[in-house]
There are 2 protein chains.
Amino acid sequence: MKNQTSQSIEDYLKAIYELSIKDGRVATTHLAKHLGISPASVTGMIKKLSQMEPPYLNYQKHQGVFLTEAGERIALETLRHHRLLEVFLHEILGFPWDEVHEEADKLEHVISEKFEERMAFVLGNPEHDPHGDPIPNKELNVPKATMICLSDLRPHQKAIIKRVRDKDPKLLRFLSDLGLIPNAEIEINDYSEFDGNIHLAVKNSSKNVVLGPRITDQIHVSILN
Amino acid sequence: MKNQTSQSIEDYLKAIYELSIKDGRVATTHLAKHLGISPASVTGMIKKLSQMEPPYLNYQKHQGVFLTEAGERIALETLRHHRLLEVFLHEILGFPWDEVHEEADKLEHVISEKFEERMAFVLGNPEHDPHGDPIPNKELNVPKATMICLSDLRPHQKAIIKRVRDKDPKLLRFLSDLGLIPNAEIEINDYSEFDGNIHLAVKNSSKNVVLGPRITDQIHVSILN
DNA sequence: GATAATATTTAGGTATGCCTAATTAAGAAA
DNA sequence: TTTCTTAATTAGGCATACCTAAATATTATC
């Protein structure tokens, strides 16, 4: 079996990479849900990907999958494309940050290495995309940052938003209307033990905001002393 | 049958548009050669495209095809994408003009209307791509220009290069090394009746060049008085 | 440890878009 | 007009990547 990629393969590998950060192995159903595809189809594809030469992933029946080195390389290349494109769309073409994800999802499979290289040059080799996610560098190393969830902050702590993980344009628009975007400074006012809601102040907009745990888990921050 | 597009369909319609400018109807084999596909495959596709609702093209067995209005619309939209992308790649990302075609050929099928619109805005609604080909405007009207082939010029005439039709990167690089790119000013020195070679001077580079008819037919110019 | 619920896989099928080989139609030349 | 050549079509296949329905593991619960 020949070793090549396709739009689909890149999507699978990227999804497995993202899901396996948390869990190690990725379950068929989990992957299926994430990709919006039936579990049966996923089984077919992961069998194929695990039988390529070299294989893109390790797979044992009923045990889920994880990436091989070759698979991770493709995933990181795709992720680099994706995140560079997000910055590019935002900075150069003026896309609002909640619209960059969808467009980058299509383009990431199509651009050439030259396009990637030119983009990185024009943008000055950015390390983070507009959502704060780290961009793998040319050697595919992912810059690590020490961040915690907004939900882990305690009252009166100040922090800077570094990353917003959600991809839903509606939520992203909601957050940016509140000023809750990467590099914004916030201060926790209160934390209600009861429902997990967090009350916080956004510095520049001087707005006071109440956020539920569904949202605060998605926002990553670094603490200000 | 539903009416949609795909990468392949857009390629077919664009090719038919380009070929039918000269000939009106486009023959199966002609199209097959242009697309690098077997004639049998082309027959299958054009049958499909002519039976859609609305049809993208008119087709009668053994008589070739021509575009319907719906087909032409898709072709022009794709062409607009393509040529805007060429300008964009050249001006914004710094691609050399001989490399823009290949990249645009892939991207043209993938970018959104928003991407197109943002590109046009950032570039200031250009009317020509780096090869001098006209870019259909938003309403898909193609700007017309009065140009003739370089091969039709007479000795001592001066002209400005408006368009270089060839897509071969090697030839394009050769021409730009000589300064023969859109907007360059040239003057015809001599024309050899015998072999069709044209001797000309390029203004800015003050080079003297001899070009054969294979090339001079591809270069379109407007005459300077 | 048996059973119920859930996860996963197998089997069989579909649409797209390409292929080769064989056939038929059209156009040119004798 | 008949024949030859070239163009176009049909027939039958293949790969990719998805689907549903049915069968089989696995895991959780009693």
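Scattering from the stretch B:148-224 was approximated by placing one identical point on each alpha carbon and applying the Debye formula without solvent; log10 I(q)/I(0) at 0.14 1/Å stands at -0.36. May I ask for log10 I(q)/I(0) of the stretch A:122-180 at q = 0.12, 0.14, 0.16, 0.31 Å⁻¹, from a Debye sum over the Cα atoms as equal point scatterers with solvent left out? So the normalised log intensities work out to -0.39, -0.52, -0.66, -1.29. With label points defined 7 Å past Cα in the direction of Cβ, position A:A201 shows copy-to-copy spacings of 7.6 nm, given to one decimal and shortest first. Each Lys and Arg Cβ is given +1 and each Asp and Glu Cβ -1; about its Cα centre, the stretch A:75-144 then shows a dipole of about 260 debye. With a cut-off of 8 Å between alpha carbons and a minimum separation of six or more residues, what is the relative contact order of the stretch A:84-149 in percent? Relative contact order here is 31 percent. Applying the Kirkwood pairwise sum to the alpha-carbon positions of the stretch A:83-137 produces a hydrodynamic radius of 11.0 angstrom.
By Cβ position, the chain A residue that hugs the axis carrying A onto B most closely, with its distance in whole Å, is A:V110, 3. Think of the protein assembly as shown as having a plus end and a minus end, set by charges on the Cβ of Lys, Arg, Asp and Glu; of A:V164, B:G44, B:F66, B:G44 sits farthest toward the positive end of this dipole.
Computed from backbone phi, the HN-Hα couplings of the stretch B:174-180 come to 4, 5, 6, 4, 7, x, 8 Hz, rounded to whole numbers (Karplus: 6.51 cos²θ - 1.76 cosθ + 1.60, θ = phi - 60°; Gly and Pro given as x).
Extent of the stretch B:26-142 along its three principal axes (Cα atoms, max minus min coordinate, largest first): 45, 27, 22 Å. Rounded to the nearest 20, the Cβ-based charge dipole of chain A about its Cα centre (Lys and Arg +1, Asp and Glu -1) stands at 460 debye. Buried surface between chains A and B: roughly 1600 Å² of accessible area, summed over both sides, computed with a 1.4 Å probe on protein heavy atoms only. Remark: mean inter-chain Cβ contacts per residue of A:104-117 equal 3, using a 10 Å Cβ-Cβ cutoff to other protein chain atoms.
When the protein assembly as shown is described by a simple charge dipole with +1 on each Lys and Arg Cβ and -1 on each Asp and Glu Cβ, the residue from A:I111, A:S176, A:G132 located farthest towards its positive end is A:I111. Copy-to-copy label distances for B:T146, where each label lies 7 Å from Cα along Cα-to-Cβ, are 7.4 nm in order of increasing length. Working note: Karplus 6.51/-1.76/1.60 with θ = phi - 60° gives the stretch A:14-22 the couplings 5, 5, 4, 4, 5, 6, 7, 4, 6 Hz, where Gly and Pro are set to x.
Among the listed pairs A:K114/A:K144; A:K162/A:K207; A:K48/B:K114; A:K48/A:K106; A:K33/A:K203; B:K138/B:K170, those whose Cα-Cα separation exceeds 30 Å are A:K48/B:K114; A:K33/A:K203; B:K138/B:K170.
Spacing of the modelled spin labels on B:Q63 and B:E187, each 7 Å from Cα toward Cβ, amounts to 5.4 nm. Applying 1/(1 + (r/R0)^6) with R0 = 51 Å to the Cβ-Cβ distance of B:S205 and A:D195 gives a FRET efficiency near 0.10.
Reported to the nearest whole Å, the Cα centre-to-centre distance from the stretch A:1-75 to the stretch B:91-128 is 33.
In the stretch A:7-67, Cα pairs under 8 Å separated by at least six residues give a relative contact order of 35 percent. Compared with the dominant Cα axis of chain B, that is its longest principal axis, helix B:113-123 is turned about 10°.
Over the protein assembly as shown, all Cα pairs binned in 10 Å intervals from 0 give whole-percent P(r) values of 4, 16, 21, 23, 18, 10, 6, 2, 0, 0, listed from short to long. Across the alpha-carbon atoms of chain A, the computed radius of gyration and Dmax are 19.1, 59 angstrom. Cross-link partners of A:K22 among aspartates and glutamates, defined as those whose alpha carbon lies under 19 angstrom from its own and excluding same-chain residues fewer than eight positions apart: A:D11, A:E69, A:E72, A:D133, A:D152, A:D166, A:D217. A cut-off of 5 Å between modelled amide H atoms, ignoring neighbours fewer than 5 places along the same chain, links A:G64 with A:T28.
Surface listing: A:E10, A:E86, A:E139 arranged by accessible area from highest to lowest gives A:E139, A:E10, A:E86, probe 1.4 Å. Rolling a 1.4 Å probe over the heavy atoms of the protein chains gives the protein assembly as shown an accessible area of 52 Å² per residue. Between A:K162 and A:N183, A:H220, A:V221, A:S222, the built amide H atoms are under 5 Å apart, and every one of these is 5 or more places off in sequence or on another chain. With helices as the sole contributors, the protein assembly as shown gives -12500 deg cm²/dmol at 222 nm; each DSSP H run of n ≥ 4 counts as -39500 (n - 2.57), and the sum is divided by every residue. The relative contact order of chain A, computed from alpha carbon pairs under 8 Å that lie at least 6 residues apart in sequence, is 15 percent.
Taking the label point 7 Å along Cα→Cβ, B:E127 and its counterparts in the other copies are spaced 4.8 nm apart, in ascending order.
Measuring between their Cα centroids, the stretch A:169-225 and the stretch B:151-200 lie 63 Å from each other.
When B:R25, A:R154 are compared by accessible surface with a 1.4 Å probe, the order from highest to lowest is A:R154, B:R25. Here the stretch B:1-93 yields Rg over Rh of 1.01, to two decimals, using C-alpha coordinates and the Kirkwood radius.
Zone of A:E53 (label point 7 Å along Cα→Cβ, backbone N under 13 Å): which residues in the stretch A:1-39? Once the point is set 7 Å along Cα→Cβ of A:E53, A:1-4 turn out to lie under 13 Å by backbone N, inside the stretch A:1-39.
The values are calculated or read from the model by the stated rules, or taken from the named source; none is laboratory data. Quick caveat: nothing in here was measured; it's all calculated off a predicted structure. Every residue, glycine among them, receives a Cβ derived from its backbone with ideal geometry; neighbour counts consider all protein chains shown. These accessible areas exclude ligands, DNA and RNA; they are computed on the full protein's heavy atoms, side chains included. Shrake-Rupley method; radii C 1.70, N 1.55, O 1.52, S 1.80 Å.
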